[in-house]
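Have a look at the structure below, then the notes.
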Amino acid sequence: DLDRFAGLAALRDDMERRIRTAAPVAQIWGLGLASRLPNTSSIGMPGVSSETQVMALDLAGVAVSAGAACSSGKVKTSHVLRAMGASAEAAASSVRVSLGYATNAGDVDRFVEAWTKLYARVSHRAARNPAA
């Protein structure tokens, strides 16, 4: 249903805008570069491994993935991001967020809240201990 895809794209775009507002250093892969799937976003949190993000978000009740969709179930750097020109470090600090048919604004709110809390925690820790 094309209307549902447009709704998912609007949710995705709102999620990405809110992430970039909270953390201007966040990398939204493919943003403005190409047509993207309406239900998928790849978000980089510089300096925080994908594995750490997946675990922290899982503990917050939010399921995300590391790696490409075709490697689901693996915590592995996305070969797709590498093919897009991402450095190994940037690809290794990115997660893939997939919105489903039943995803709603409350789900996006939960993700943004969990992601920004993690970002605030790790950026605060880095600011206190820059040598770490």
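Once the C-beta distance of ASP13 and ARG121 is scaled by a Förster radius of 25 Å, the resulting FRET efficiency is 0.45 to the nearest 0.05. Full extension of the chain segment joining TYR101 with GLU89 gains 1.1 nm, where the gain is 0.36 nm per residue of separation less the Cα-Cα distance.
Throughout, read-outs are computed from the coordinates displayed, never taken from laboratory work. From a predicted model like this one, the values you see are computed outputs, not experimental measurements. When we count neighbours, we look across all protein chains shown, and the Cβ atoms used for this are built from the backbone with ideal geometry, even at glycine.
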